[in-house]
Structures are given as structure tokens and as C-alpha cells.
């Protein structure tokens, strides 16, 4: 017997592993013991890895998990892009952006969005009542 519903089990496990990998990577690069501000992304990483999978597992809380996932991805993307911009040495080249910025980290973080969407759609394949009536256009 698995702790997650059969229809979303694999997607939740993938979400968990991507979140856990991101958390561990962040803890290695920015240990919370070095700076008080490193606790904020660490807390979001813990929530993504250890709380959201259980929220994604329930039809009553899946929408909240989806919204929280979006919020953390947007916040993390903006924060990492800002960090790259303020630490760049001039001149900036394409090679710098691809290899020496947080672009790879941002792309890994963004992989969580389609996973969250697939989990949400597993519970709500037709969308909301407003979407079914054609009012969301």
C-alpha cells in the first residue's frame, strides 16, 4: 500500500524528488547557518518537499498546493534572477548567462509547474464550473 493515491502517485513522487533535490542543493550552496536570510528559502524548500506532496494527495487541498507551488516557483525565480544580476561582472556574455548564472537552477525550479498542473488536472480534469461554462475566456 502506498501513501499516495494511485492516479497521482508517480507525479507526486517526481515533485517530491525535484523539491528535495532543490532543497539539498540550496542548503549546500547557501547554508542557513551562514546567514539568517537563507532560512526563508530553506523553509520554502522544506514545505515543498515534505508538506506539498501530502496536500497534492487530497482533492480538497490540491488547489492550495497548486497555488503554493506557483507562488514558490515565481518567488524563487525572481530571487535567483535578481541574485545573478547583482553579482554579474561586466561585460555579460551569453556564456555567462548560460553557465555562470542561476539559469540552470531556475529551469529546474520551473520543472515543478507542469508537475503541479498535471496533479491538479488529475483531480479536476474538466476544470472549474466557470471554465466548463465558458466564462473563463
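Nothing in this text is a laboratory measurement; each read-out follows from the coordinates by a stated rule. No experiment lies behind these values; they were computed from the predicted model shown. Here the Cβ is made from the backbone with ideal geometry for all residues, glycine too, and neighbour counts use every protein chain on show.
Using helices alone, I'd like the mean residue ellipticity at 222 nm for the chain: each DSSP H run of four-plus residues gives -39500 (n - 2.57), total over residue count, nearest 500.
That calculation yields -21000 deg cm²/dmol at 222 nm.
Multiply the residue gap between residue 118 and residue 10 by 0.36 nm, knock off their C-alpha separation, and tell me the result in nm, one decimal place.
37.8 nm
I'm a student and want to see the number: the projected area of the Cα convex hull of the chain, averaged over all directions, in nm².
10.8 nm²
Pairs of Cα atoms under 8 Å, at least six residues apart: use those to get the relative contact order of segment 9-124, whole percent.
The normalised contact order for segment 9-124 reaches 35 percent.
Most mobile of 50, 68, 100 per a Gaussian network model of the chain (Cα springs, under 10 Å)?
Result: 100 has the largest fluctuation of those listed.
Packing-wise, with mean Cβ within 10 Å as the measure, how do 85-95, 6-16 rank, highest first? Display every interim value, and only then the final one.
Values: 85-95: 8.9, 6-16: 16.4.
The packing order, highest mean first, is 6-16, 85-95.
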